[in-house]
Amino acid sequence: MTKSIRNRVDLEGCEGTCSKPTSEKPNLDGDWFNFYLLIILYIIQGIPVGLSGALPIILQSKKMVTYEDQAAFSISLWPYSMKLLWAPVVDALYFKCIGRRKCWLIPLQLLMGLLVLYMASNIDGWLPASGKPNLKMLIIVVFVVNILSATQDIVVDGWALTMLNKKNVGYASTCNSVGVPFGMFIGSVCFTLLVSDQFNSTYFRSTPGTGGLVSMKSFLYFYGSMTLVITSIVAIFKKEKDSRLEDGYVNINVFQNYKLLWDILKLPRIRVLALALLTTRIGYTATDSVSNLKLIDAGVSKDDIMIITTALYIIKCIMPIFVSKYVTGPKPMTYFLKITPFRLIWCTTYVVLIYYTPSLIRKDGLVTVPTYYYFIMGLVLITNEVLNFFMLLTLFAFFCRLSDPRFGGTYMTLFNTFFYLGFLLSNTLVLKLVAFLTFRKCSNNDQNCCTTPDLTNLCKTNGGSCVVSVDGYYIVVFISLTIGFIWYGVFRNIIKKYQSLNASHWMINIKRPVTVIESCLLSK
């Protein structure tokens, strides 16, 4: 009798979450408002990520930073790989009268908006039109903005699992994959082109002048102000469901949440999955992180790259409409694995493009980009991004299916942290390796290897210039692709097996408090 009661208590403790998924077909009728709200919240989250990607391109175009400086700036994105440290706090501490997720979302977005306004008031001094930028302040402020954005990601990912009806939870990945890229488009492409003097002169300005369509200050002021307005509207009009009414609701404190996180990490399957996620992006990191910078070095305008990138974001916004049936299916990772080898092979087209770019766009020492080059570059970039985006959709859908709604913020943050940590660490490492493995020598003195500022100045004083003798980019791409194919061979069958497991295999059983009657029976 004692054993049967204990078993019943354990089963009741995970009731509603360890059961089989609902068999109802996804249908957004009655859920459209929540669907669009989630997209808006993800857009707000994506803009800082876009700015973090636009600023390195702007810095590179000014020819005032090195690849080591770029590696230093890449640290500003690290909060997305660190958010697991405070995710249990976000999941456990909240005011019931406001809402489990809403009480975090409102102050986070208000702080984000205010900090962006502060950045706007100082951006002209930190990133001047000429002269060396204040890289230290840019890194600090963007880093803090990304801390707020990363924490908002924890909140929205957790809220998405309960804001949408159970039958529509697969659309959470669609909201993420539409909203975040659109926000990144605004923060990267729109920001870069709208503030570009060259873009304005080429396409809009009829008379000579300086400056873009808008200034950096104006753009940032607009984003910060809109964030404050949208946050106020959500605070006033959006009501959050009482988390205590959720199926299988378990109230645990911060310490228990960290213990829960530790229990999750101790699951053998989670450890293997973590290793797979940490290394899954290594094969593509060199081409994804460095290729655009190398194109700029070769003479391609940053504006031309961003114009092509515009087409990429249009495709990203449209793609989920056509691929939702694949990513919301029972085995989304099947498509992820099918595409992996093709994407690795496609990375070699970047290498060929960058190698031949100088000879294709330079004539008699002047940059003259032929029309056919834009088609070639567009084909390479767009194909790579289409493959990448579809793989992200399938991966996020996989995360949603594995996550326990009771601790959705912790689960989703755990999986996303492993994925982004692997990308960000390899991103910084790749930029460092490209600088380390690139060798130069003076054009009129083979003995001068230009390894120090003094040797570089000596070369210039003697009428020479430091030219690249060995480009580390090609070495790093070869290393990355080799690791990528090894990853595919090691984890292919493992991931196939994991996606076939029932959701209960990934959950931690949390016992509800035993009643007085049950405790009396257990003592007998």
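The values are calculated or read from the model by the stated rules, or taken from the named source; none is laboratory data. Please read all numbers here as calculations on a predicted model, not as lab measurements. Here the Cβ positions follow ideal geometry from the backbone for every residue, glycine too, while neighbour counts run over all protein chains shown. Areas reflect the complete protein model, heavy atoms only, side chains present, ligands, DNA and RNA absent. Shrake-Rupley method; radii C 1.70, N 1.55, O 1.52, S 1.80 Å.
Odds and ends about this structure:
- Carbon plus sulfur fraction of accessible area for region 81-209, probe 1.4 Å, in percent: 69
- To the nearest 10, the accessible area of Val214 is 50 Å² with a 1.4 Å probe.
- Trp32, Trp346, ranked by accessible area, largest first (probe 1.4 Å): Trp32, Trp346
- Heavy-atom accessible surface of region 255-378: percent carbon and sulfur, 1.4 Å: 69
- This model, with +1 at the C-beta of Lys and Arg and -1 at the C-beta of Asp and Glu, gives region 21-176 a dipole about its Cα centre of some 140 debye.
- Within the accessible area of region 442-482 (1.4 Å probe), percent carbon and sulfur: 58
- Solvent exposure, largest accessible area first (probe 1.4 Å, DNA, RNA and ligands not counted), of Glu240, Glu68: Glu68, Glu240
- Summed over the residues of region 102-240 and divided among them, the accessible surface reaches 41 Å² per residue at a probe radius of 1.4 Å.
- The packing ranking, built from the mean of other Cβ atoms within 10 Å per residue, places the peptides 72-79, 416-423, 224-231 in the order 416-423, 72-79, 224-231, highest first.
- Filter on Lys238/Lys316; Lys83/Lys316; Lys166/Lys496; Lys166/Lys316; Lys132/Lys460; Lys239/Lys331 - keep pairs with C-alpha separation over 30 Å: Lys239/Lys331
- When Val290, Val65 are compared by accessible area of protein heavy atoms, the largest-first order is Val65, Val290, using a 1.4 Å probe.
- Listed values for region 395-400 are Karplus-derived 3J(HN,Hα) couplings in whole Hz (6.51 cos²θ - 1.76 cosθ + 1.60, θ = phi - 60°), namely 5, 5, 5, 4, 4, 4, and x replaces Gly and Pro.
- Solvent-accessible area per residue for region 289-413 (1.4 angstrom probe, square angstrom): 40
- The amide H of Arg362, built 1.01 Å from its N in the peptide plane, has Thr368 as neighbours under 5 Å, considering only residues 5 or more places off or on other chains.
- 10 Å-binned pair-distance histogram of region 333-397 (Cα, whole percent): 19, 40, 23, 14, 4, 0
- Surface exposure of region 428-494, expressed per residue as accessible area with a 1.4 Å probe, stands at 61 Å².
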